Amino acid sequence: MISKRIQAVQPAATLAMSRMAKDMQAQGIDVINLGVGESDFQTPDNITQAAIKAIENHQTSFYTPTSGLNALKSAIVSQVKTRYAADILIDNVTVTTGAKLSLFALMQVLLNPGDNVVSAAPLWVSYVEQIKLASGKLHAIIPNNPELKLTREDLDAFPEQIKLIIVNSPNNPTGQVYSKAEIMAILEWAEAHETYVILDEIYGQLVYNGTTFTSGLQIQSLENSRMIIVDGVSKAYAMTGWRIGWTLASSEIIKGMNKLLDHMTSNPTAVAQYAAIEALLGDQSTVETMRLAFEQRLNKTFDALNSVPGLQVAVKPQGAFYLFPKVDNSIMLAAGVNNTNDLSMKLLQEAHVALPAGEGFSMPGYLRMGYAKDQAVLNEAVQRLTNFFQQYK
Ligand code: PMP
């Protein structure tokens, strides 16, 4: 039998939904897959070329340092300086096989069995299982504000010592962005309570309609601090498949992660690291082109989705590339389903649209729609949803 540890883990709801959609597509069914968080853009050519050059130069037969090539860590340090006017050292950086592995390793490095981890609900599916695998205790708090952002009051109300707070801004799935004052309040609270804070900033470059993104690096330095930043190239550079992310933290935390990563991956793929160097140091105009496209899709799709009977996105997203509509209870009853998990299966089977349910994000009653897709595909998806829900109005 497989271990109890793994028996307790749930597959990622987003990937599971996407797998089902792909299976149906393989059977010739025209399914629109809005299940998974990947950009529909291709990786920009300059980045791909850098990887091809690395292969041609035979940069493939060695282990890189566990924490990543010095050239990549330097590129990260210099991007942090350019973007946030913050000074960090190479020892504050470790590069991982996607931001996902950064987060996984951080849970292992920070948590002892039973340690309390607090995050706002809804929250990204993988935090839940990563915390479980580190024997931590997740408390997904539903904040008392329409943007569903974690506040100082939520933290004050928590009755026990909190080991770790996770804040994801821009947020997957709500798209909400924390202001500088909101991030500052959480960091100050954490400092006073000897609590670690992971700021998952993977969507930091994808903010829209004049929204300002604030990084923790603009507020606090890393050394001697409990603030940890997670970022990567997956989302802003359309590089999901390359699997390069990183953690920025005090050198003590970074050393702890490297010890673990020594035995896990040795290092992220060398060729992908060369691609990431070009992403960070090369032409940045493609990031803006993609950001603008996402902004237009958000603006169109937000209004369209809100006109679907029974679906409502109360607060317009400011970043990332997801809409997280609440589903009207009465329409669920009329459709003969008990929860959004069942609804999302019915939508897949009958409307041929793959939207993961809120349950996976610790927030039943909602669906998540990724809008990193062509506008024509998004329009068709909204049309299918309208046709489906109209039957139960
Ligand atoms: N954090 C959040 C909130 C995400 O949505 C994702 C990707 N879906 C990640 C981290 C992981 O990104 P990566 O592809 O770099 O592993």
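The values are calculated or read from the model by the stated rules, or taken from the named source; none is laboratory data. On a predicted model such as this, the values are computed, not experimentally measured, just so you know. Using ideal geometry, Cβ is built from the backbone for each residue, glycine included, and neighbour counts are taken over all protein chains shown. Areas reflect the complete protein model, heavy atoms only, side chains present, ligands, DNA and RNA absent. Shrake-Rupley method; radii C 1.70, N 1.55, O 1.52, S 1.80 Å.
Name the residue, out of V77, V95, that is within 14 Å of the ligand (Cβ to nearest atom) and more than 17 Å from N168 (Cα to Cα).
Checking each option against the conditions leaves just V95.
Residue under question is V109, and the condition is that it be open to solvent by 20 Å² or more (accessible area, probe 1.4 Å), touching a helix residue (DSSP H, G or I) at 6+ places or on another chain (Cβ under 6 Å) and more than 25 Å from G282 (Cβ to Cβ); does it hold?
Judged against the criteria, V109 is a match.
Identify the residue in segment 236-252 that is within 12 Å of the chain's Cα centre (by Cα) and either more than 7 Å from the ligand (Cβ to nearest atom) or surrounded by fewer than 22 Cβ atoms within 10 Å (Cβ to Cβ) (or both) and, among all such residues, is farthest from T289 (Cα to Cα).
T240
Under 19 Å from Y371 (Cα atoms) and open to solvent by 30 Å² or more (accessible area, probe 1.4 Å), is that true of D23?
no
Which members of segment 331-382 meet the condition of being in contact (Cβ under 8 Å) with a residue 60 or more places away in the chain, touching a strand residue (DSSP E or B) at 6+ places or on another chain (Cβ under 6 Å) and of a type in the set (S, T, N, Q)?
Within segment 331-382, S344, S362 qualify.
Residues of segment 292-315 being open to solvent by 20 Å² or more (accessible area, probe 1.4 Å) and in contact with a strand residue (DSSP E or B) (Cβ under 8 Å, 6 or more places away or on another chain), which ones?
F302, N306, G310, Q312, A314
Take P143 and decide whether it is of a type outside the set (S, T, N, Q), buried (at least 20 other Cβ atoms within 10 Å of the Cβ) and not in a helix (DSSP H, G or I).
Judged against the criteria, P143 is not a match.
Mind checking which pairs have a first residue in segment 85-105 that is aromatic (F, W, Y) and a second that is within 15 Å of the ligand (Cβ to nearest atom) and open to solvent by 20 Å² or more (accessible area, probe 1.4 Å), Cβ under 9 Å, 6 or more apart or different chains?
Cβ pairs passing all conditions: F104/M264.
Could we say that N267 is of a type outside the set (F, W, Y) and either part of a loop (DSSP other than H, G, I, E, B) or farther than 28 Å from F213 by Cβ (or both) here?
yes
Does any residue in segment 317-330 that is in a loop (DSSP other than H, G, I, E, B) come within less than 6 Å, Cβ to Cβ, of a residue that is β-branched (V, I, T) and away from the ligand (no atom under 16 Å from the Cβ) six or more places away or on a different chain, and which pairs are these?
Q318/T211; P325/V313
What are the residues in segment 81-103 that are surrounded by 22 or more Cβ atoms within 10 Å (Cβ to Cβ) and out of contact with any Gly (no Cβ under 8 Å at 6 or more places or on another chain), if any?
Across segment 81-103, the qualifying residues are N92, L103.
Would segment 124-133 turn up any residue that is part of a helix (DSSP H, G or I), away from the ligand (no atom under 16 Å from the Cβ) and either out of contact with any Leu (no Cβ under 6 Å at 6 or more places or on another chain) or modelled with pLDDT under 95 (or both)?
yes
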